[in-house]
Amino acid sequence: MSDLTFVAGDDAPAIYGTLAIDGVVIDLTGATVKFQMRPVTDRRFVIDSAAAVVTPTAGAVRYDWLTGDLATPGEYVSRWEITFADTSVQHSEPENTITVDLT
């Protein structure tokens, strides 16, 4: 069962997340965040795009779907990639699953 399900061609609603480690929110002040999504059967990302940091001190992020992001039905895995001000990089865990259905 997927964490999220969309219909092919959708471009809403946006995906929101709160990034935390062991229940402690990650302070995203000065950081940039990307949303990454790949098919479960492939390690290559079909989405690797900038996300918005909504409330940095609360670890709140958002990804607004672009036209075509959800065009292909299938099962996907997604995660957030954080690049901190000191250029260190961290990825969200666990990855989430997304289903894109025909209808």
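None of the figures in this text is laboratory data; all of them are computed from the coordinates on show. Source: prediction; values computed, not measured. Heads up, the Cβs are rebuilt from the backbone with ideal geometry, glycines too, and the neighbour counts pull from every protein chain shown.
At-a-glance table
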| quantity | calculated |
| --- | --- |
| Rounded to the nearest 20 debye, dipole of the stretch 52-103 from Cβ charges on Lys, Arg, Asp, Glu | 140 debye |
| Sorted peptide list for 45-57, 25-37, criterion being average Cβ within 10 angstrom, highest first | 25-37, 45-57 |
| Percent RCO, i.e. relative contact order, over the chain, from Cα pairs under 8 Å lying at least 6 residues apart | 37 percent |
| Neighbourhood charge, 9 Å Cβ-Cβ cut-off, centred on residue 11 and excluding it, Lys, Arg +1 and Asp, Glu -1 | -3 |
| Relative compactness, the chain, computed as alpha-carbon Rg over 2.2 N^0.38 Å | 1.07 |
| Among 61-71, 88-98, the order from most to least packed when residues are scored by Cβ within 10 Å on average | 61-71, 88-98 |
